[in-house]
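Trainee: Quick one: the structure is below, questions incoming.
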Amino acid sequence: MEKEYKNVYVFAEQRNGVIQNVAYELLGKANDLASELGQKVVAVLLGDGIADKAQDLIEMGADDVVVIDRPELKDYLTEQYTQAMSQLIDHCAPRIVLFGATTIGRDLAPRLACRVKSGLVADCTKLTIEPDKDGNLDFFSTRPAFGGNLMATIVCPTSRPQMSTVRPGVMQKRTREVGKKGNIQRFEPTFDASKFKVRLIETQMNDNKVADISNAKILISGGRGVHDKEGFQKLQALADVMGGMVSSSRAMVDAGVMDHAYQVGQTGKTVRPNLYMACGISGAIQHLAGMEESHYIIAINKDKYAPIFSVADLGIVGDLHKIVPMLTERIKKEMEK
Ligand SMILES: Cc1cc2nc3c(=O)[nH]c(=O)nc-3n(C[C@H](O)[C@H](O)[C@H](O)COP(=O)(O)OP(=O)(O)OC[C@H]3O[C@@H](n4cnc5c(N)ncnc54)[C@H](O)[C@@H]3O)c2cc1C
(Lines give C-alpha, C1' and ligand atoms only; values in the text may rest on other atoms or scores of the structure.)
Protein backbone atom coordinates (compact mmCIF):
# COMPACT_ATOMS: atom_id res chain seq x y z
CA MET A 1 0.00 0.00 0.00
CA GLU A 2 1.29 3.49 -0.84
CA LYS A 3 2.41 5.56 2.12
CA GLU A 4 0.35 8.61 3.04
CA TYR A 5 2.80 11.50 3.35
CA LYS A 6 1.49 14.17 5.67
CA ASN A 7 2.40 17.02 8.05
CA VAL A 8 5.03 19.72 7.86
CA TYR A 9 8.23 18.79 9.71
CA VAL A 10 10.83 21.27 10.91
CA PHE A 11 14.39 20.24 11.75
CA ALA A 12 14.80 22.09 15.05
CA GLU A 13 18.50 22.81 14.93
CA GLN A 14 20.19 23.12 18.31
CA ARG A 15 23.78 23.89 19.14
CA ASN A 16 25.08 23.04 22.62
CA GLY A 17 21.46 22.63 23.68
CA VAL A 18 20.41 26.05 22.41
CA ILE A 19 17.61 25.99 19.83
CA GLN A 20 18.66 28.19 16.92
CA ASN A 21 16.50 31.16 15.95
CA VAL A 22 16.01 29.79 12.45
CA ALA A 23 14.11 26.81 13.92
CA TYR A 24 11.56 29.20 15.46
CA GLU A 25 11.31 31.10 12.16
CA LEU A 26 10.65 27.85 10.29
CA LEU A 27 7.99 26.85 12.83
CA GLY A 28 6.29 30.17 12.07
CA LYS A 29 6.22 29.45 8.32
CA ALA A 30 5.35 25.77 8.85
CA ASN A 31 2.17 26.91 10.63
CA ASP A 32 1.03 28.80 7.50
CA LEU A 33 1.82 25.82 5.25
CA ALA A 34 0.22 23.25 7.56
CA SER A 35 -2.97 25.26 7.95
CA GLU A 36 -3.31 25.53 4.14
CA LEU A 37 -2.95 21.75 3.93
CA GLY A 38 -5.11 21.08 6.99
CA GLN A 39 -2.19 19.21 8.58
CA LYS A 40 0.09 19.46 11.62
CA VAL A 41 3.44 21.07 12.37
CA VAL A 42 5.97 18.62 13.78
CA ALA A 43 9.35 19.73 15.15
CA VAL A 44 12.17 17.20 15.13
CA LEU A 45 14.75 17.65 17.86
CA LEU A 46 18.02 15.72 17.69
CA GLY A 47 20.80 15.73 20.29
CA ASP A 48 21.94 14.29 23.59
CA GLY A 49 20.16 15.37 26.77
CA ILE A 50 17.91 17.80 24.89
CA ALA A 51 14.44 16.34 25.57
CA ASP A 52 13.60 19.19 27.97
CA LYS A 53 13.67 21.63 25.03
CA ALA A 54 10.59 20.05 23.40
CA GLN A 55 8.04 22.19 25.28
CA ASP A 56 9.82 25.32 24.03
CA LEU A 57 9.20 24.19 20.44
CA ILE A 58 5.51 23.59 21.15
CA GLU A 59 5.17 27.08 22.59
CA MET A 60 6.85 28.48 19.48
CA GLY A 61 4.47 26.78 17.04
CA ALA A 62 4.90 22.99 16.90
CA ASP A 63 1.80 20.81 17.37
CA ASP A 64 3.97 17.75 18.03
CA VAL A 65 7.65 17.23 18.74
CA VAL A 66 9.63 14.10 17.92
CA VAL A 67 12.74 13.84 20.09
CA ILE A 68 15.72 11.70 19.15
CA ASP A 69 17.85 11.89 22.27
CA ARG A 70 20.97 9.75 21.89
CA PRO A 71 24.67 10.02 22.84
CA GLU A 72 25.56 9.45 19.15
CA LEU A 73 23.88 12.81 18.39
CA LYS A 74 25.71 14.88 21.00
CA ASP A 75 27.64 16.84 18.37
CA TYR A 76 26.53 17.37 14.80
CA LEU A 77 28.08 14.73 12.53
CA THR A 78 26.68 14.19 9.05
CA GLU A 79 26.35 10.40 9.05
CA GLN A 80 24.87 10.09 12.54
CA TYR A 81 22.28 12.80 11.90
CA THR A 82 21.49 11.45 8.41
CA GLN A 83 20.87 7.94 9.76
CA ALA A 84 18.58 9.28 12.50
CA MET A 85 16.64 11.61 10.21
CA SER A 86 16.30 9.14 7.31
CA GLN A 87 14.87 6.47 9.62
CA LEU A 88 12.47 9.01 11.06
CA ILE A 89 11.36 10.01 7.55
CA ASP A 90 10.85 6.35 6.59
CA HIS A 91 8.82 5.81 9.75
CA CYS A 92 6.72 9.01 9.85
CA ALA A 93 6.37 9.81 6.11
CA PRO A 94 6.34 13.64 6.35
CA ARG A 95 4.88 15.61 3.46
CA ILE A 96 7.33 18.53 3.83
CA VAL A 97 10.61 18.85 5.76
CA LEU A 98 12.19 22.29 6.37
CA PHE A 99 15.76 23.03 7.42
CA GLY A 100 17.62 26.25 8.18
CA ALA A 101 20.20 27.07 5.50
CA THR A 102 22.89 27.13 8.20
CA THR A 103 26.20 25.28 7.98
CA ILE A 104 24.47 22.28 9.58
CA GLY A 105 21.28 22.48 7.48
CA ARG A 106 23.25 22.92 4.26
CA ASP A 107 25.26 19.81 5.09
CA LEU A 108 22.45 17.60 6.37
CA ALA A 109 19.56 18.37 3.99
CA PRO A 110 21.26 17.38 0.69
CA ARG A 111 22.72 14.20 2.20
CA LEU A 112 19.32 13.29 3.56
CA ALA A 113 17.50 14.13 0.32
CA CYS A 114 19.81 11.71 -1.46
CA ARG A 115 19.33 9.01 1.17
CA VAL A 116 15.53 9.18 1.10
CA LYS A 117 15.57 9.58 -2.71
CA SER A 118 13.80 12.90 -2.79
CA GLY A 119 14.58 16.40 -4.03
CA LEU A 120 15.72 19.51 -2.19
CA VAL A 121 15.32 23.20 -2.95
CA ALA A 122 18.13 25.12 -1.28
CA ASP A 123 18.23 28.68 0.03
CA CYS A 124 14.54 29.47 -0.43
CA THR A 125 13.16 32.92 0.22
CA LYS A 126 9.47 32.05 -0.13
CA LEU A 127 7.41 28.91 0.56
CA THR A 128 3.76 28.58 -0.44
CA ILE A 129 0.96 26.06 -0.82
CA GLU A 130 -0.86 26.61 -4.11
CA PRO A 131 -2.91 24.60 -6.59
CA ASP A 132 -0.78 22.75 -9.16
CA LYS A 133 -1.75 22.44 -12.84
CA ASP A 134 -4.33 19.76 -11.95
CA GLY A 135 -5.81 21.92 -9.19
CA ASN A 136 -4.34 19.87 -6.32
CA LEU A 137 -2.63 21.73 -3.53
CA ASP A 138 1.14 21.48 -3.80
CA PHE A 139 4.24 22.90 -2.10
CA PHE A 140 6.15 25.58 -4.03
CA SER A 141 9.60 26.86 -3.06
CA THR A 142 11.00 30.09 -4.48
CA ARG A 143 14.71 30.92 -4.57
CA PRO A 144 17.01 33.34 -6.38
CA ALA A 145 18.54 31.94 -9.57
CA PHE A 146 21.10 33.16 -12.13
CA GLY A 147 23.04 35.24 -9.62
CA GLY A 148 19.85 36.60 -8.09
CA ASN A 149 18.66 38.15 -11.35
CA LEU A 150 15.46 36.14 -11.35
CA MET A 151 13.40 34.24 -8.82
CA ALA A 152 12.73 30.58 -9.66
CA THR A 153 9.68 28.81 -8.21
CA ILE A 154 10.36 25.11 -7.94
CA VAL A 155 8.10 22.17 -7.18
CA CYS A 156 9.15 18.61 -6.50
CA PRO A 157 6.15 16.89 -8.13
CA THR A 158 6.61 13.20 -7.43
CA SER A 159 9.09 12.37 -4.66
CA ARG A 160 8.22 12.76 -1.01
CA PRO A 161 8.97 14.36 1.34
CA GLN A 162 9.34 17.75 -0.33
CA MET A 163 12.37 19.38 1.27
CA SER A 164 13.68 22.94 1.44
CA THR A 165 16.32 24.95 3.25
CA VAL A 166 15.61 28.56 4.23
CA ARG A 167 18.17 31.12 5.30
CA PRO A 168 18.04 32.52 8.83
CA GLY A 169 16.17 35.82 9.06
CA VAL A 170 13.86 35.22 6.07
CA MET A 171 10.75 33.86 7.82
CA GLN A 172 9.07 35.32 10.87
CA LYS A 173 8.71 33.54 14.18
CA ARG A 174 5.39 33.45 16.00
CA THR A 175 4.70 34.96 19.37
CA ARG A 176 5.32 32.42 22.12
CA GLU A 177 2.16 30.73 23.47
CA VAL A 178 3.18 30.03 27.05
CA GLY A 179 1.80 26.75 28.40
CA LYS A 180 0.61 25.52 24.97
CA LYS A 181 0.01 21.77 24.96
CA GLY A 182 1.35 19.36 22.36
CA ASN A 183 2.41 15.80 21.84
CA ILE A 184 6.02 14.89 22.64
CA GLN A 185 7.19 11.52 21.33
CA ARG A 186 10.54 9.79 21.32
CA PHE A 187 11.95 8.04 18.30
CA GLU A 188 14.72 5.43 18.63
CA PRO A 189 16.78 4.93 15.46
CA THR A 190 19.05 1.90 15.00
CA PHE A 191 22.49 3.25 14.22
CA ASP A 192 24.93 1.43 11.94
CA ALA A 193 28.19 2.48 13.61
CA SER A 194 30.26 0.78 10.88
CA LYS A 195 29.32 3.75 8.64
CA PHE A 196 30.58 6.35 11.14
CA LYS A 197 33.78 7.30 9.31
CA VAL A 198 34.26 10.72 10.91
CA ARG A 199 35.10 11.34 14.56
CA LEU A 200 34.96 14.69 16.28
CA ILE A 201 38.31 15.12 18.00
CA GLU A 202 38.13 18.68 19.21
CA THR A 203 35.85 21.70 18.92
CA GLN A 204 37.48 25.12 18.73
CA MET A 205 35.23 28.09 19.22
CA ASN A 206 35.99 31.14 17.13
CA ASP A 207 36.82 33.75 19.75
CA ASN A 208 36.90 36.52 17.17
CA LYS A 209 33.55 37.76 18.41
CA VAL A 210 31.50 39.45 15.72
CA ALA A 211 28.12 40.75 16.73
CA ASP A 212 25.25 39.31 14.71
CA ILE A 213 23.75 41.97 12.45
CA SER A 214 20.60 39.88 11.97
CA ASN A 215 19.54 40.71 15.55
CA ALA A 216 20.10 44.50 15.23
CA LYS A 217 17.05 46.77 15.43
CA ILE A 218 18.90 49.61 13.67
CA LEU A 219 21.43 49.05 10.88
CA ILE A 220 23.52 51.79 9.33
CA SER A 221 24.75 50.10 6.19
CA GLY A 222 27.51 51.28 3.90
CA GLY A 223 28.34 50.59 0.26
CA ARG A 224 31.02 51.57 -2.24
CA GLY A 225 30.07 55.23 -1.78
CA VAL A 226 31.51 55.04 1.77
CA HIS A 227 34.93 54.43 0.14
CA ASP A 228 37.07 53.17 3.04
CA LYS A 229 37.51 52.44 6.77
CA GLU A 230 37.48 56.16 7.59
CA GLY A 231 34.14 56.43 5.81
CA PHE A 232 32.78 53.57 7.92
CA GLN A 233 33.88 55.41 11.08
CA LYS A 234 31.33 58.09 10.17
CA LEU A 235 28.66 55.38 9.91
CA GLN A 236 29.80 53.88 13.23
CA ALA A 237 29.46 57.27 14.94
CA LEU A 238 25.87 57.52 13.69
CA ALA A 239 25.16 53.91 14.73
CA ASP A 240 26.55 54.68 18.21
CA VAL A 241 24.26 57.65 18.82
CA MET A 242 21.26 55.67 17.54
CA GLY A 243 22.09 52.44 19.41
CA GLY A 244 22.48 50.53 16.15
CA MET A 245 25.10 48.50 14.31
CA VAL A 246 27.04 48.98 11.09
CA SER A 247 26.62 46.60 8.15
CA SER A 248 27.84 46.57 4.58
CA SER A 249 27.18 45.77 0.95
CA ARG A 250 29.27 43.11 -0.74
CA ALA A 251 31.30 45.72 -2.64
CA MET A 252 32.95 46.81 0.62
CA VAL A 253 33.51 43.20 1.73
CA ASP A 254 35.14 42.34 -1.60
CA ALA A 255 37.30 45.48 -1.23
CA GLY A 256 38.52 44.13 2.14
CA VAL A 257 37.07 47.09 4.06
CA MET A 258 34.45 45.08 5.97
CA ASP A 259 34.31 41.50 7.25
CA HIS A 260 31.90 39.11 5.52
CA ALA A 261 30.01 38.71 8.82
CA TYR A 262 28.62 42.23 8.26
CA GLN A 263 27.51 41.68 4.65
CA VAL A 264 23.83 42.06 3.87
CA GLY A 265 22.36 40.32 0.84
CA GLN A 266 21.98 37.15 -1.10
CA THR A 267 25.44 35.85 -0.22
CA GLY A 268 25.52 37.62 3.15
CA LYS A 269 22.91 37.88 5.89
CA THR A 270 19.18 38.50 5.60
CA VAL A 271 18.15 41.29 7.96
CA ARG A 272 14.81 42.75 9.02
CA PRO A 273 15.64 45.66 11.36
CA ASN A 274 13.20 48.39 12.38
CA LEU A 275 15.43 50.87 10.54
CA TYR A 276 17.83 50.14 7.67
CA MET A 277 19.82 53.13 6.52
CA ALA A 278 21.54 52.43 3.20
CA CYS A 279 24.43 54.88 2.70
CA GLY A 280 26.17 54.89 -0.69
CA ILE A 281 24.54 51.59 -1.70
CA SER A 282 23.12 51.43 -5.23
CA GLY A 283 20.48 48.78 -4.47
CA ALA A 284 21.53 45.82 -6.63
CA ILE A 285 18.96 43.01 -6.58
CA GLN A 286 21.35 40.77 -4.62
CA HIS A 287 21.60 43.43 -1.91
CA LEU A 288 17.84 44.07 -1.83
CA ALA A 289 17.25 40.34 -1.33
CA GLY A 290 18.82 40.66 2.11
CA MET A 291 17.17 43.85 3.41
CA GLU A 292 13.96 44.78 1.58
CA GLU A 293 11.79 43.32 4.37
CA SER A 294 13.21 45.90 6.82
CA HIS A 295 10.41 47.87 8.49
CA TYR A 296 11.66 51.34 7.52
CA ILE A 297 14.33 52.05 4.93
CA ILE A 298 16.22 55.31 4.52
CA ALA A 299 18.57 55.65 1.55
CA ILE A 300 21.30 58.26 1.16
CA ASN A 301 22.73 58.36 -2.33
CA LYS A 302 24.12 61.08 -4.53
CA ASP A 303 22.49 59.52 -7.62
CA LYS A 304 18.78 60.27 -7.59
CA TYR A 305 18.17 57.38 -10.03
CA ALA A 306 19.83 54.77 -7.77
CA PRO A 307 17.54 51.68 -7.55
CA ILE A 308 17.76 51.70 -3.74
CA PHE A 309 15.27 54.59 -3.78
CA SER A 310 12.61 52.27 -5.21
CA VAL A 311 12.51 50.30 -1.91
CA ALA A 312 13.20 53.26 0.41
CA ASP A 313 10.52 54.83 2.62
CA LEU A 314 12.62 57.99 2.77
CA GLY A 315 15.27 59.00 0.26
CA ILE A 316 17.98 61.63 0.71
CA VAL A 317 19.84 62.67 -2.43
CA GLY A 318 23.28 63.98 -1.54
CA ASP A 319 26.80 63.25 -0.36
CA LEU A 320 26.74 60.81 2.54
CA HIS A 321 30.11 62.10 3.77
CA LYS A 322 28.40 65.40 4.57
CA ILE A 323 24.92 64.12 5.50
CA VAL A 324 25.91 61.32 7.92
CA PRO A 325 28.07 63.53 10.23
CA MET A 326 25.38 66.26 10.17
CA LEU A 327 22.75 63.71 11.10
CA THR A 328 24.94 62.33 13.91
CA GLU A 329 25.46 65.80 15.41
CA ARG A 330 21.78 66.65 15.13
CA ILE A 331 20.63 63.40 16.79
CA LYS A 332 23.27 63.84 19.53
CA LYS A 333 21.91 67.32 20.26
CA GLU A 334 18.31 66.11 20.29
CA MET A 335 19.28 63.34 22.72
CA GLU A 336 20.98 65.80 25.07
CA LYS A 337 17.85 67.93 25.36
C1 LIG B 1 25.83 35.87 -7.17
C2 LIG B 1 25.95 37.25 -6.60
C3 LIG B 1 25.73 37.42 -5.26
C4 LIG B 1 25.83 38.69 -4.70
N5 LIG B 1 25.58 38.86 -3.36
C6 LIG B 1 25.57 40.11 -2.83
C7 LIG B 1 25.24 40.33 -1.48
O8 LIG B 1 24.98 39.40 -0.70
N9 LIG B 1 25.23 41.60 -1.02
C10 LIG B 1 25.51 42.67 -1.81
O11 LIG B 1 25.49 43.82 -1.30
N12 LIG B 1 25.87 42.48 -3.09
C13 LIG B 1 25.92 41.24 -3.62
N14 LIG B 1 26.30 41.07 -4.92
C15 LIG B 1 26.88 42.23 -5.62
C16 LIG B 1 25.85 43.18 -6.19
O17 LIG B 1 25.46 42.74 -7.47
C18 LIG B 1 26.42 44.59 -6.29
O19 LIG B 1 27.59 44.57 -7.07
C20 LIG B 1 26.76 45.22 -4.94
O21 LIG B 1 25.67 45.12 -4.07
C22 LIG B 1 27.11 46.69 -5.16
O23 LIG B 1 27.46 47.27 -3.94
P24 LIG B 1 27.29 48.82 -3.71
O25 LIG B 1 25.86 49.19 -3.85
O26 LIG B 1 27.96 49.13 -2.43
O27 LIG B 1 28.18 49.46 -4.86
P28 LIG B 1 27.77 50.22 -6.18
O29 LIG B 1 26.77 49.44 -6.97
O30 LIG B 1 29.05 50.60 -6.84
O31 LIG B 1 27.01 51.51 -5.67
C32 LIG B 1 27.64 52.56 -4.98
C33 LIG B 1 26.58 53.63 -4.78
O34 LIG B 1 27.13 54.64 -3.98
C35 LIG B 1 26.67 55.91 -4.46
N36 LIG B 1 27.63 56.90 -4.01
C37 LIG B 1 28.93 57.05 -4.38
N38 LIG B 1 29.51 58.05 -3.66
C39 LIG B 1 28.55 58.55 -2.85
C40 LIG B 1 28.53 59.59 -1.88
N41 LIG B 1 29.63 60.31 -1.60
N42 LIG B 1 27.37 59.83 -1.25
C43 LIG B 1 26.24 59.14 -1.50
N44 LIG B 1 26.21 58.14 -2.42
C45 LIG B 1 27.36 57.83 -3.06
C46 LIG B 1 26.61 55.75 -5.96
O47 LIG B 1 25.72 56.67 -6.54
C48 LIG B 1 26.14 54.29 -6.08
O49 LIG B 1 24.73 54.25 -6.18
C50 LIG B 1 26.20 39.80 -5.50
C51 LIG B 1 26.43 39.61 -6.86
C52 LIG B 1 26.31 38.34 -7.41
C53 LIG B 1 26.54 38.17 -8.88
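Trainee: Among GLY318, ILE58, VAL166, whose Cα lies farthest out toward the positive end of the dipole of the chain, if unit charges sit on the beta carbon of Lys, Arg (+1) and Asp, Glu (-1)?
Mentor: GLY318
Trainee: Within 10 Å, at most 12 other Cβ atoms, and a DSSP state outside H, G, I, E, B define an exposed site. Report the longest part of the chain free of exposed GluC sites (Glu not before Pro).
Mentor: 5-176
Trainee: Using θ = phi - 60° and the Karplus relation 6.51 cos²θ - 1.76 cosθ + 1.60, list the HN-Hα couplings for the range 184-196 in order, rounded to whole Hz, with x at every Gly or Pro.
Mentor: Each residue of the range 184-196 in turn: 10, 10, 9, 10, 10, x, 9, 7, 9, 5, 5, 8, 7 Hz.
Trainee: Here's a follow-up. Please list, by residue number, every one of the trypsin sites (Lys or Arg not before Pro) in the range 86-153 that is coil in DSSP and has at most 10 other beta-carbon atoms within 10 Å.
Mentor: LYS117, LYS133
Trainee: How much of the DSSP beta bridge set in the chain is antiparallel, as a percent to the nearest 5?
Mentor: About 20 percent, rounded to the nearest 5.
Trainee: Which trypsin sites (Lys or Arg not before Pro) from the range 173-216 combine a DSSP loop assignment with at most 10 other Cβ atoms within 10 Å?
Mentor: Within the range 173-216, the qualifying trypsin sites (Lys or Arg not before Pro) (loop, at most 10 other Cβ atoms within 10 Å) are LYS181, LYS197, ARG199, LYS209.
Trainee: If you don't mind, there's one more thing I want to ask. ASP254 to ILE285: extension gain in nm, 0.36 nm per residue of separation minus the Cα-Cα distance?
Mentor: Roughly 9.5 nm would be gained on extension.
Trainee: Another one. For the chain, find the longest principal axis of its Cα atoms and tell me its angle to the long axis of helix 78-92, 0 to 90°, nearest 10.
Mentor: 60
Trainee: Expressed in nm², what is the orientationally averaged projection area of the convex hull enclosing the Cα positions of the range 30-73?
Mentor: Averaged projected area of the range 30-73's Cα convex hull equals 3.0 nm².
Trainee: To continue, here is another question. Just how large is the dipole of the chain about the Cα centre, in debye to the nearest 20, putting +1 at every Lys and Arg Cβ and -1 at every Asp and Glu Cβ?
Mentor: My answer is approximately 360 debye.
Trainee: Please state the relative contact order of the range 180-337 as a whole percent: Cα pairs under 8 Å, 6+ residues apart?
Mentor: Contact order relative to length: 20 percent.
Trainee: Carbon and sulfur together cover what percent of the accessible area of the chain at a 1.4 Å probe radius?
Mentor: Of the solvent-accessible surface of the chain, carbon and sulfur hold 51 percent.
Trainee: How far, in nm, would the chain grow between MET205 and ALA145 when pulled straight, counting 0.36 nm per residue and subtracting the alpha carbon separation?
Mentor: In short, 18.2 nm is gained.
Trainee: May I pose another question? Of all beta bridges DSSP finds with both residues in the range 8-195, what is the antiparallel percent, to the nearest 5?
Mentor: Rounded to the nearest five, the antiparallel share is 35 percent.
Trainee: With +1 assigned to the C-beta of every Lys and Arg and -1 to the C-beta of every Asp and Glu, and no other charges, what is the dipole magnitude of the range 212-337 about the Cα centre in debye, to the nearest 20?
Mentor: About 200 debye.
Trainee: Mind checking the per residue accessible area of the chain for me, 1.4 Å probe, whole number of Å²?
Mentor: That works out to 51 Å² for each residue.
Trainee: Rounding to the nearest 10 and keeping the result within 0 to 90°, find how far the Cα-based axis of helix 103-115 lies from the longest principal axis of the chain.
Mentor: The two axes meet at around 40 degrees.
Trainee: Show me, for the range 130-135, the HN-Hα J-couplings you get by feeding each phi into the Karplus relation (A = 6.51, B = -1.76, C = 1.60, θ = phi - 60°), rounded to Hz, glycine and proline as x.
Mentor: Those phi angles translate into 9, x, 7, 5, 9, x Hz.
Trainee: At most 14 other Cβ atoms within 10 Å plus a DSSP loop assignment makes a site exposed; report the longest stretch of the chain without any exposed chymotrypsin sites (Phe, Trp or Tyr not before Pro).
Mentor: Maximal segment without exposed cleavage sites: 1-145.
Trainee: Give me the percent relative contact order of the range 8-195, please, defined on Cα pairs under 8 angstrom at least 6 residues apart.
Mentor: So the answer I get is 28 percent.
Trainee: Only Cα pairs under 8 Å and at least 6 apart count here; give the relative contact order of the range 58-125 as a rounded whole percent.
Mentor: 28
Trainee: A further question on this structure: Select from THR125, ILE298, GLY49 the residue farthest towards the positive end of the dipole of the chain; place +1 on Cβ of Lys and Arg, -1 on Cβ of Asp and Glu, and compute about the Cα centre.
Mentor: Of THR125, ILE298, GLY49, it is ILE298.
Trainee: Same structure, new question: Just subtract the alpha-carbon distance of GLU188 and ARG106 from 0.36 nm times their residue separation and send over the number in nm, one decimal. Could you put the intermediate results ahead of the total?
Mentor: Values: separation 82, 0.36 × 82 = 29.52 nm, distance 2.42 nm.
Net length gain for the segment: 27.1 nm.
Trainee: When the helices in the chain are scored as -39500 (n - 2.57) per DSSP H run of 4 or longer and the sum is shared across all residues, what 222 nm value do you end up with, to the nearest 500 deg cm²/dmol?
Mentor: -8500 deg cm²/dmol, from helical runs alone.
Trainee: Using each residue's phi in the range 314-324, evaluate 6.51 cos²θ - 1.76 cosθ + 1.60 at θ = phi - 60° and report the 3J(HN,Hα) Karplus result to the nearest Hz, with x for Gly and Pro.
Mentor: Working through the residues one at a time gives 9, x, 10, 8, x, 7, 4, 5, 9, 5, 4 Hz.
The values are calculated or read from the model by the stated rules, or taken from the named source; none is laboratory data. The shown structure was predicted, so the numbers you read here are calculated from the model rather than taken from an experiment. Counting neighbours? That spans all protein chains shown, and the Cβs are built from the backbone with ideal geometry, glycine included. Heads up: the accessible areas ignore ligands, DNA and RNA and are worked out on the full protein's heavy atoms, side chains in. Shrake-Rupley method; radii C 1.70, N 1.55, O 1.52, S 1.80 Å.
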